[in-house]
1. Mind listing whichever residues of region 30-72 are within 18 Å of ALA18 (Cβ to Cβ) and among the hydrophobic types (A, V, I, L, M, F, W, C)?
2. Of the residues that sit in region 82-95 and are assigned to a loop (DSSP other than H, G, I, E, B) and open to solvent by less than 40 Å² (accessible area, probe 1.4 Å), which one is modelled with the highest pLDDT?
3. Restricting to region 29-40, give me the number of residues that are under 19 Å from ASP96 (Cα atoms) and surrounded by fewer than 21 Cβ atoms within 10 Å (Cβ to Cβ).
4. What number of residues within region 41-79 are assigned to a helix (DSSP H, G or I) and not aromatic (Phe, Trp, Tyr)?
5. Here are the criteria: (1) touching a Phe, Trp or Tyr at 6+ places or on another chain (Cβ under 9 Å); (2) outside any helix (DSSP H, G or I); (3) without any contact (Cβ under 8 Å) to a residue 60 or more places away in the chain; (4) at negative phi. Tell me which single one PHE223 does not satisfy.
6. For region 176-228, enumerate the residues that are at pLDDT below 90 and among the small types (Gly, Ala, Ser).
7. Condition (residue is modelled with pLDDT under 75, open to solvent by 30 Å² or more (accessible area, probe 1.4 Å) and farther than 24 Å from SER158 by Cβ) applied to region 64-81: is it met by at least one residue?
8. Kindly list, by first and then second residue, each pair from a residue in region 1-17 that is at negative phi and part of a loop (DSSP other than H, G, I, E, B) to a residue that is basic (Lys, Arg) and open to solvent by less than 70 Å² (accessible area, probe 1.4 Å), limited to pairs with Cβ atoms under 9 Å and residues at least 6 apart or on different chains.
Amino acid sequence: MTTILIIEDEEAIARVLAAYLKKAGFKVERVSDGNLAMQKFEETRPVLVLLDIMLPGMDGWEILQKIRNHSSCPVIMLTALGDVDYRLNGLNSGADDYMTKPFVPEEVVARVNAVLRRRPVYSGSDTSKSFGTLVIDNSAQRVSLNGAEVPLTPRDLSLLLFLSEYPNQMFTREQLIENVWGIDYEGSDRAVDLSIKRLRQALSHWPPENGEIRTLRGTGYQFWIAEKTRI
C-alpha cells in the first residue's frame with residue numbers, strides 16, 4: 001500500500017480526509033504539529049503529502065521548503081488562504097497542487113490520484129553529461145552541481161533532462177508541454193514558466209559562463225551552454 005501523509009491540525013478535517021483516502025486504498029499517516037512534521041515524513045516515507053499552511057510550530061511554507069531541500073515527494077497544499085498570491089507562492093515553492101478550504105473530500109482524493117498519475121513523459125537517455133560543474137545523470141535520474149545533489153520534483157527533473165538533451169536549441173512552451181507534460185495535459189502553459197523558474201533557482205550557483213536556461217522573449221526557452229563546457 002502507498003502511504004499518504006496528512007499534515008493538518010484541524011482534527012475533523014484530518015479525520016475525514018483519512019477516511020476517504022483509506023477507502024480509496026491508501027495507507028494514511030497523520031501529524032498535527034508542524035514541528036513534528038519532518039520527523040513523521042522521514043519515518044513514513046510517503047508517496048504524497050497533504051500539507052496545511054497554518055500549523056502550530058513550523059508552518060506549511062517552512063515544511064514545504066524542508067521537503068524540497070531533499071525530496072521530490074509530491075505535495076498538495078490545503079489551506080483557507082485562497083488568494084491568488086498564496087496559490088502562486090505555493091506553486092512557485094514546489095507544491096504540485098493547491099486546494100482551498102472548504103473542499104469536497106472526493107475532490108481531494110481525485111487530486112491525489114491525478115498528481116500520482118502525473119509521471120513525467122520524458123525520462124531521458126541512459127547517458128551522463130557534464131556541463132562544467134553541472135552533472136546530469138539520466139540513468140540514475142540525478143542532477144548534481146558543484147559536487148552536491150540538486151533536489152528536483154519529478155516534473156522539473158524531466159524538463160531539465162529534456163532540455164539538456166538538446167543544448168542551445170529553442171523550444172516553445174507548446175513543445176515543452178507536449179514532450180514533458182504530455183499531449184493529454186489539460187492545464188495552463190503557465191506550468192512551464194513556473195517549472196523554469198524553479199530550475200533556475202535550483203541551479204542558481206551554476207556559473208553563467210558555463211551555461212544557463214535562457215528565455216527567448218516571445219518564443220520560448222533554451223538550455224544554453226558554452227561549447228567548451230560540454231563533456
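1. VAL31, LEU36, ALA37, PHE41, VAL47, LEU48, VAL49, LEU50, LEU51, LEU55
2. Restricting to residues being assigned to a loop (DSSP other than H, G, I, E, B) and open to solvent by less than 40 Å² (accessible area, probe 1.4 Å), the top hit is ALA95.
3. So the answer is 1.
4. So the count comes out to 13.
5. Every listed condition holds for PHE223 apart from (3).
6. Across region 176-228, the qualifying residues are GLY182, GLY187, SER188, ALA191, SER195, GLY218, ALA226.
7. For region 64-81, residues modelled with pLDDT under 75, open to solvent by 30 Å² or more (accessible area, probe 1.4 Å) and farther than 24 Å from SER158 by Cβ: present.
8. Final answer for the pair search is GLU10/LYS101.
The values are calculated or read from the model by the stated rules, or taken from the named source; none is laboratory data. Note that the structure is predicted; figures quoted are calculated from it, not measured. Cβ atoms come from the backbone with ideal geometry, glycine included; neighbour counts cover every protein chain shown. Please note that ligands, DNA and RNA were not included when accessible areas were found on the heavy atoms of the full protein model with its side chains. Shrake-Rupley method; radii C 1.70, N 1.55, O 1.52, S 1.80 Å.
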